[in-house]
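All remarks here apply to the structure that follows.
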Amino acid sequence: MTEERKPGGEIVDELHALGEQLVTAVKSLWDSEDARKVRQEIGDGFVELSHQVDEAIRTARESEATKEFETKVKETVDKARESDVAGQVQEGLVTGLRQLNDEMSKWVGSLAPTEAPEADAAASAGEDAEAEAEA
């Protein structure tokens, strides 16, 4: 007795396998020693950045140039509200995210193990043998 596979079932199986590969790749990257070091360096960098920003804010509050800058920022914000800057930013963001998604898809595809085509060929050969046996 042979089991009939639904075409949609194969798609689900492939998507499931792709999801598992992506999870494995992300976990491997996240758990690596290099990644731990990078996360630590980034954390240290943000701490240092916050100290520098705090100092800059303290200094800037006392400056006359800050008051002028604040006025210009308010004027710019008012002008931006009157124009379609928000729409342009949104359009640019969507385009950038779409490109990022495309590149991520290519990268995930490059992580596929090389055994997958062999496994597909073996499964295909098994199906051919079943078809011949039934004939």
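The values are calculated or read from the model by the stated rules, or taken from the named source; none is laboratory data. Bear in mind the structure is a predicted one, so any value in this text is a computation, not a measurement. Cβ placement follows ideal geometry from the backbone for every residue including glycine, while neighbour counts extend to all protein chains displayed.
Here are the numbers for the structure shown:
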quantity: Enumeration of residues in region 77-88 that are aliphatic (A, V, I, L, M) and modelled with pLDDT of 75 or more; calculated: VAL77
quantity: Total residues in region 17-39, condition at pLDDT 90 or above and over 18 Å from the mean Cα position of the chain (by Cα); calculated: 1
quantity: Residues satisfying the stated conditions in region 23-42, i.e. surrounded by 10 or more Cβ atoms within 10 Å (Cβ to Cβ), in a helix (DSSP H, G or I) and not aliphatic (A, V, I, L, M); calculated: THR24, LYS27, SER28, TRP30, ARG36, LYS37, ARG39, GLN40, GLU41
